[in-house]
Structures are given as structure tokens and as C-alpha cells.
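Worksheet: one structure, shown below.
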Amino acid sequence: MFNGFSNMVLANAMEPLRDVKLRSPGANFSWRVTTLDGGPVFSSSGLKISPDLAFDPDESGRKLILIAGYQVRELIAPDLLGKLRRAARNVDMVIAVDSAPWLLAAAGLLDGHTATIHWQELDAFEEGFPKVKTSVTRYVRSGRFLTCGGASAALDMMLDLIHQLFGSAAAFEASNMFVFDREKQTEINQGPQRLQHKCSPKVLMALNEMAENMETPLTTFELAAKVSLSERAFNRTFVRELGITPGKYYRMFRLQRARYLAEETELSAEQIAMRCGFSTASSLARSLSNTFGVSIRELRQPNKLWRGPQSDAGPSAVKGLA
């Protein structure tokens, strides 16, 4: 973390990880917040963040996430650039968010790579670092470096990263938490409206049909017919636009609704199964266990308060994110 960071960028980068950690039992990872000297940093709006410890560039086997914002040029110093070069040799991946790609480029780490940065810095970034191929995309992966622009791009990037690291189920859960309104997602058009700028009218129509046919799910053939596409064309279009087959999306949509009902209502397992299109409570239980690794009984236990990354283990906790 560096002074001048955006609160929204930090939240969009960290909160999806928090959701995965709390809701996906198989996602065994931790993170720590560090600053260059171990002292506090301040956001652009004055929010004070106290880190867990000072940044250690020699720690290996982790992913390094850099978050910087305003006045990024004032951060450039030989000590920082040297530590970034050392860290890049040790970590699995370097993720630079908002204006942080400027720091990587200043250290020469992005030479020969494609990178992006916050849109306000794009022109200056391209002029200042001619050895870096500047991209206008929201986020871009080049080798071990992943760079992205502002707050909304950080959320999209993190959801994509969660999909790569922890699977489609974890990404789907996190996406629903931060993109959809979970309490109203089964109302007509609620989910699809959130995706209206990302999906074609045909896919949006199909999403509407899924939401309207929860208790008695339609087959992929029936969904394709509803939107006037062949089954093959429908599958191809759905995967291209959402990165998942319609059948798998539909099932996960129903499972996510079942999970919500288990957590927030007193409905019996049989009632939840019926409302979410499963033939029996045992069928629903198997699907929940296979997809999310939890049972309805476990979902109904009081949620444990998040106590931070050091609650699971000491300094030798599973190496994942830094």
C-alpha cells in the first residue's frame, strides 16, 4: 500500500477475496497488508491504514499486490525500485492496480511487456515508458505481471483472478455478492439488468428465463428455443460472453439461491430444494457439498466474524497473497 491510494480500489481488490475466504472452504490462503517502512499510509480521502508489517522483498512463493493512487511519481526512489526488482524475482505474480503500474515501469520490470494503468495516466505512461506496450484494456496479463486501471477494473480483474485460482464456483459466489443484489436476484430481470452492458440481448433473454423458471428448470434446448437460437449456437454464445456454459450457470444460479435461503430463512431442506428446482433434499445436499463444500446445516450456523489473516496461523500460514 502507498500513500494516495483510492479507498474504492482497495475495497474492490480486497473484498472479493474476503468473500472467497469466508465462503469457499477449499480456498486456503491468507493476506497481509504491508507498507514500505511498516508505518501507516493514508488514502486520497484521508483514511488511515495501519499495516500488518513492513514490506519484505525477499519473501517468496506469494502474490504481490501493489496499490497506489495520486502522486505516484513522488514515490519513485532508489530504495523502492530496488525492492520491487528483488520482490519480482521471488514472487509468483505481481499485480499492480490503479497507478501502481507506474512503479513497476519505473523499475524497468515492464520493459517488453504489455500493461495498462488508470485512464488518466495512459498518455503520460505511454510517453514515459516507450519500452512498455501500453494497452487501453481494463486489465491485462503479461507474463507474471497483471496490471489494471481504476476501481471498477480492479473488481473485474479480481473476479477473473478468483476464477483462475479458486474455480468457477468461488468466482460465481463473489460475483453475486458484489455485482448482483442477492435478496432480489430472482425478481424478473434483476440479475440480467446488471449484465446489460456485457451481454447480448439473446443472452439477457436467457438469463431472464432462468430467473423466471427456478422451481422447474428448463433444459438447454428449451432455453435456446426461447431466445430463437439453435442449441449449439446458444451454448457457443453463452460461453463466449459469460465464460461458462448455460447449464452450469443455471445450476450455480439455483444453488446460490438455495444457499441464500438456507442462510437467511427457516425453510426446510425439502422446501428449499423445491423452490430451487431440485428433485429431493438429498439431491440438493449433494450438489451443495460438491460445489461449495458445505451442508445446509453448516450454512445455518452463525457466521464467524472475520478476525484477519493472522487468525488461522502464525507467520508461516499458507503462502498465497501478500
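The values are calculated or read from the model by the stated rules, or taken from the named source; none is laboratory data. This structure is a prediction, so every number in the text was calculated from the model and none was measured. All Cβ positions, glycine included, derive from the backbone under ideal geometry; neighbour counts span all protein chains shown. These area figures cover heavy atoms from the full protein model, side chains too; ligands, DNA and RNA do not enter into them. Shrake-Rupley method; radii C 1.70, N 1.55, O 1.52, S 1.80 Å.
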*Could you calculate the FRET efficiency of Leu47 with Ser152 from 1/(1 + (r/R0)^6), where r is the beta carbon distance between them and R0 is 22 Å, rounded to 0.05?*
0.70
*Points 7 angstrom from Cα along the Cβ direction at Glu212 and Ser142: gap in nanometres?*
4.7
*Using alpha carbon coordinates only, what is the Rg to Rh ratio of the chain, with Rh defined as the Kirkwood radius?*
1.02
*Length released on extending from Asp37 to Ser295, taking residue separation times 0.36 nm less the Cα-Cα span*: 88.5 nm
*If you take the C-alpha gyration tensor of segment 1-146, multiply each eigenvalue by 5 and take the square root, what semi-axes do you get, largest first, in whole Å?*
23, 18, 17
*asked:* For the ranges 99-111, 46-58, 267-279, what's the packing order if you count other beta-carbon atoms within 10 Å of each residue, average per peptide, and put the highest first?
replied: 99-111, 267-279, 46-58
*Provide the gained length on full extension for the span Arg286 to Glu74, in nm with one decimal, where the gain is 0.36 nm per separating residue minus the Cα-Cα distance.*
70.8 nm
*Phe221 versus Ala233, label points 7 Å from Cα toward the beta carbon: distance in nm?*
1.8
_Whole percent per 10 Å bin, from 0 to the bin with the longest distance: what is P(r) over all C-alpha pairs of segment 27-86?_
18, 51, 27, 3
*Counting DSSP beta bridges with both ends in the chain, the antiparallel % (nearest 5)*: 30
*Looking at this model, which pairs from Lys133/Lys202; Lys21/Lys83; Lys48/Lys131; Lys83/Lys133 are more than 25 angstrom apart at the alpha-carbon?*
Lys133/Lys202; Lys21/Lys83; Lys48/Lys131
*asked:* So if each residue of separation counts as 0.36 nm, and I subtract the Cα-Cα distance between Glu241 and Thr114, what length gain in nm does that give?
replied: 43.3 nm
*At a 1.4 Å probe radius, carbon and sulfur cover how many percent of the accessible area of the chain?*
50
*How large is the accessible surface per residue of the chain, computed with a 1.4 Å probe and reported in Å² as a whole number?*
49
_Net charge over other residues, Cβ less than 14 angstrom from the Cβ of Ala77 (K, R count +1; D, E count -1)_ = 0
*Measure nothing but the geometry: give the 0 to 90° angle between the long axis through the Cα atoms of 231-242 and the longest principal axis through the Cα atoms of the chain, rounded to 10°.*
30
*Could you work out the helix-only [θ] at 222 nm for the chain, with each DSSP H run of four or more residues adding -39,500 (n - 2.57) and the total divided by the number of residues, to the nearest 500 deg cm²/dmol?*
-13500 deg cm²/dmol
